[in-house]
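Here is the structure we will look at.
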Amino acid sequence: MAPPIAARRIAALPTPPAPREVPPVDLPRIERAVREILIAVGEDPDRDGLLETPARVARAYREIFAGLRETPAQHLGRVFEHRSSGDDLVMVRDIEFHSLCEHHLLPFHGTAQVAYLPDKGRVVGLSKIARTVDVFARRPQLQERLTADIADAIAAHLGARGVAVIVRAEHMCMKMRGVGKHRPDMLTTAFRGLLERNASLRAEALSLLRSAS
């Protein structure tokens with residue numbers, strides 16, 4: 001008897017147009033800006049502990065904002081065909097991410113839960129979903145937009161019939177400044193296609209995604 005599930009590589013789906021071109025990171029400009037910030041807050045950027053700080057910050061920002069120079073198509077462009085019957089959900093849970101809030105450039109971090117209903121069995125490698133989360137997390141971001149960006153990318157690049165994304169995160173702008181509350185976290189959701197329109201499928205996806213540790 002043939003196995004109930006078979007998989008083979010198929011051609012990539014057409015992808016949306018590339019976003020605007022972003023110039024290379026200007027490391028010397030960041031270094032100059034960081035030096036000015038240190039002076040502005042009353043520090044001496046020439047003391048031993050801070051001499052290399054502007055260069056370190058510049059290199060860190062290049063890595064933290066690497067998503068500005070990536071597109072989800074780089075990770076979702078190659079799909080595979082998975083033969084099965086019915087509405088079989090594909091889920092990737094507890095995807096850790098780190099990002100910077102665009103309002104204060106302070107970190108927020110948490111996990112993303114992703115589920116989708118493949119169209120005609122088209123699926124993508126497990127790591128590609130996690131890399132897609134990083135594409136959008138590694139840029140100045142809002143959690144609400146991050147959640148929507150992930151869902152829209154999977155719907156567009158995989159042609160998924162339905163997508164559900166849940167993001168839970170802690171925001172340092174709430175813990176380190178302002179109201180100074182340490183316990184709250186933020187939960188955002190995005191649904192597309194059948195997982196937006198079909199209440200039964202949405203409830204099934206939510207139950208499974210929310211059971212993630």
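Throughout, read-outs are computed from the coordinates displayed, never taken from laboratory work. The structure displayed is predicted, hence computed values, not measured ones. Neighbour counts run over all protein chains shown; Cβ positions are idealised from the backbone, glycine included.
Numbers at a glance
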quantity	calculated
Residue within the range 131-142 that is surrounded by fewer than 17 Cβ atoms within 10 Å (Cβ to Cβ), closer than 25 Å to M186 by Cβ and more than 12 Å from the chain's Cα centre (by Cα) present	no
Contacts under 6 angstrom Cβ, first residue in the range 147-171 being free of Cβ contacts under 8 Å to residues at least 40 places away in the same chain and closer than 21 Å to E70 by Cα, partner surrounded by 24 or more Cβ atoms within 10 Å (Cβ to Cβ) and aliphatic (A, V, I, L, M), 6 or more apart	A155/V163
Of all residues in the range 155-166 being out of contact with any Lys or Arg (no Cβ under 8 Å at 6 or more places or on another chain) and over 20 Å from A199 (Cα atoms), the one that is surrounded by the fewest Cβ atoms within 10 Å (Cβ to Cβ)	A156
Matching residues in the range 40-59 - criterion: being surrounded by 14 or more Cβ atoms within 10 Å (Cβ to Cβ), of a type in the set (V, I, T) and farther than 15 Å from R29 by Cβ	T53
Selection count where residues are surrounded by fewer than 17 Cβ atoms within 10 Å (Cβ to Cβ) and touching a Gly at 6+ places or on another chain (Cβ under 8 Å), scope the range 98-117	0
Test: residue in the range 177-186 that is within 20 Å of A137 (Cβ to Cβ) and crowded, with 20+ Cβ neighbours inside 10 Å	no
Residue pairs meeting the criteria (Cβ under 7 Å; at least 6 apart or on separate chains; first more than 24 Å from L195 (Cβ to Cβ), in the range 88-105; second of a type in the set (V, I, T))	L100/I64
Residues satisfying the stated conditions in the range 198-213, i.e. part of a helix (DSSP H, G or I), in contact (Cβ under 8 Å) with a residue 12 or more places away in the chain and either among the acidic types (D, E) or surrounded by fewer than 20 Cβ atoms within 10 Å (Cβ to Cβ) (or both)	R202, E204, L206, L208, R210
